[in-house]
Amino acid sequence: MNADHIIAYIFLTLLLIAINRMFLGGIYATIKTLKLEALNKVKDNVYKDDKMSFEILKYCYERRISVSSIVNFVINPGAIVISGIVKLWPLIAKAFSGA
């Protein structure tokens with residue numbers, strides 16, 4: 001792989017993420033709203049002393065986003081960036097050295 005391939009890969013990855021957000025952003029917002037409404041219904045049932053709703057609520061709160069999943073999300077694009085920097089390092093060093 002040369003520098004052109006890495007730059008094209010990074011560009012296409014970012015383009016696909018942007019297209020995904022553009023077309024599916026409204027759907028993600030709707031899903032989030034529906035999840036919150038359903039969670040509020042479960043909370044209401046917990047206050048009515050429904051044991052199954054309590055277990056469901058407990059499960060939902062245990063599945064919150066953890067620090068490790070955030071780190072994993074950051075590491076994946078970081079690998080792309082680091083590999084690009086390593087491949088392009090001679091060009092970067094030459095640009096900043098002024099030679």
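Counting only Cβ charges, +1 for Lys and Arg and -1 for Asp and Glu, the dipole size of the chain around its Cα centre is about 80 debye. Where (1) 15, 37, 30, 13, 5, 0; (2) 12, 23, 25, 18, 12, 7, 3, 0; (3) 16, 52, 27, 4 are the candidate values, the label of the one calculated here for P(r) over Cα pairs in 10 Å bins from 0, in percent is (2).
Once both labels are modelled 7 Å past Cα along the beta-carbon direction, what's the K51-F73 spacing in nm? Placing both labels 7 Å along Cα→Cβ, they lie 3.6 nm apart. Applied to the range 34-43, the Karplus parametrisation 6.51 cos²θ - 1.76 cosθ + 1.60 on θ = phi - 60° returns per-residue 3J(HN,Hα) values of 5, 5, 5, 5, 5, 5, 5, 5, 5, 4 Hz, with x for Gly and Pro. Working note: 222 nm ellipticity from helices only, DSSP H runs with n ≥ 4, each -39,500 (n - 2.57), summed and divided by the residues of the chain, gives -32000 deg cm²/dmol to the nearest 500. Close Lys pairs in the range 1-53, defined as Cα atoms under 17 Å apart and 8 or more places apart or on different chains, number 5.
I need to check one value: relative contact order of the chain, counting alpha carbon pairs closer than 8 Å and at least 6 residues apart, in percent. The value is 39 percent. Between H5 and A29, the simple label model (points 7 Å from Cα in the Cβ direction) yields a spacing of 4.0 nm.
Values quoted throughout were computed directly from the atomic coordinates according to the rules given, and no laboratory measurement underlies them. Given the structure is predicted, the values throughout are model-derived calculations rather than measurements. With ideal geometry, Cβ positions are generated from the backbone for all residues, glycine too; neighbour counts draw on all protein chains shown.
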